[in-house]
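Below is one structure; the comments refer to it alone.
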Amino acid sequence: EAQVTQNPRYLITVTGKKLTVTCSQNMNHEYMSWYRQDPGLGLRQIYYSMNVEVTDKGDVPEGYKVSRKEKRNFPLILESPSPNQTSLYFCASSIGQYNEQFFGPGTRLTVL
Amino acid sequence: SQQGEEDPQALSIQEGENATMNCSYKTSINNLQWYRQNSGRGLVHLILIRSNEREKHSGRLRVTLDTSKKSSSLLITASRAADTASYFCATGPYGFNKFYFGSGTKLNVKP
């Protein structure tokens, strides 16, 4: 089944404790993105990747890192999480940046 | 600032009525897409309309695009309670690799 998976689905952590949210897709897509969704603000792109080893900042990259060592995986790293990073995070993938995006189920992160 | 803005923010209708949502954007685009999200879940792609298209249909969905006004509308005909969800427009501006979503329209269809 074609899908985007994210783990964990829920995470409660404390300020400053490094964490990684994994994202994997099995559709051989080149374009992958991370978004955060906050009430009233819609989805905002954090980082995107055009292909392996090619990543770039979206609209709200501060406090986040990503890597794309393999085509299928695109982890989101929070080196020192802060409470303002409490949000619902989505990973998405598509064939290219102008194509239909497939979304993961989301990761609800709470930083205390 | 956001590339896409939806209007209205919330819409409540009776089952069987039509629902219309509008989206405005700011720069030239390659295409405009509409997505649906059920309460806190992942988004699902509904329809894509290219910048050289003016109207597109998919089942009960009808999308229009007016590039001169930088706006699009999504019409859901004969709505059902199962259409209750948030709807987002999304754009990929020309010459950029970023992707922008609007803030969404929350549709409530009452049975």
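The values are calculated or read from the model by the stated rules, or taken from the named source; none is laboratory data. Not measured: the values here are computed from a predicted model. Neighbour counts run over all protein chains shown; Cβ positions are idealised from the backbone, glycine included.
The selection criterion, being aromatic (Phe, Trp, Tyr), out of contact with any Ser or Thr (no Cβ under 8 Å at 6 or more places or on another chain) and within 17 Å of A:Tyr98 (Cα to Cα), holds for B:Tyr35.
Please determine, by comparing only the residues of the range B:1-43 that are assigned to a loop (DSSP other than H, G, I, E, B) and among the basic types (Lys, Arg), which one is farthest from the other protein chains (Cβ to nearest Cβ). Only one residue fits best here, namely B:Lys26.
Scanning the range B:44-74 for residues that are within 17 Å of B:Tyr94 (Cβ to Cβ), β-branched (Val, Ile, Thr) and within 14 Å of another protein chain (Cβ to nearest Cβ) returns a single hit, B:Ile49. For the range B:39-47, check the following and say yes or no: at least one residue is touching a residue at least 24 places away in the same chain (Cβ under 8 Å) and either out of contact with any Phe, Trp or Tyr (no Cβ under 6 Å at 6 or more places or on another chain) or surrounded by 21 or more Cβ atoms within 10 Å (Cβ to Cβ) (or both). Scanning the range B:39-47, I find at least one residue that is touching a residue at least 24 places away in the same chain (Cβ under 8 Å) and either out of contact with any Phe, Trp or Tyr (no Cβ under 6 Å at 6 or more places or on another chain) or surrounded by 21 or more Cβ atoms within 10 Å (Cβ to Cβ) (or both), so the answer is yes.
For B:Tyr100, state whether it is within 14 Å of another protein chain (Cβ to nearest Cβ), crowded, with 16+ Cβ neighbours inside 10 Å, modelled with pLDDT of 95 or more and within 20 Å of A:Asn99 (Cβ to Cβ). Spelling it out, it is not the case that B:Tyr100 is within 14 Å of another protein chain (Cβ to nearest Cβ), crowded, with 16+ Cβ neighbours inside 10 Å, modelled with pLDDT of 95 or more and within 20 Å of A:Asn99 (Cβ to Cβ).
Residue count for the range A:6-40 satisfying the condition of being within 12 Å of chain B (Cβ to nearest Cβ), of a type outside the set (A, V, I, L, M, F, W, C) and at negative phi: 11. Residues that are in a strand (DSSP E or B) and over 20 Å from A:Pro105 (Cα atoms) were ranked within the range A:51-67; the one that is farthest from the other protein chains (Cβ to nearest Cβ) is A:Lys65.
Between B:Tyr94, B:Tyr25, B:Tyr87, the distinction of being out of contact with any Pro (no Cβ under 9 Å at 6 or more places or on another chain), surrounded by 14 or more Cβ atoms within 10 Å (Cβ to Cβ) and among the aromatic types (Phe, Trp, Tyr) belongs to B:Tyr87 only. So which residues in the range A:92-112 are within 14 Å of A:Met50 (Cα to Cα) and either at pLDDT 95 or above or within 11 Å of chain B (Cβ to nearest Cβ) (or both)? Hits for the range A:92-112 are A:Ala92, A:Ser93, A:Ser94, A:Gly96, A:Gln97, A:Tyr98, A:Asn99, A:Gln101. For the residues A:Leu76, A:Leu43, the requirement of being crowded, with 20+ Cβ neighbours inside 10 Å, more than 10 Å from every other protein chain (Cβ to nearest Cβ) and touching a residue at least 40 places away in the same chain (Cβ under 8 Å) singles out A:Leu76.
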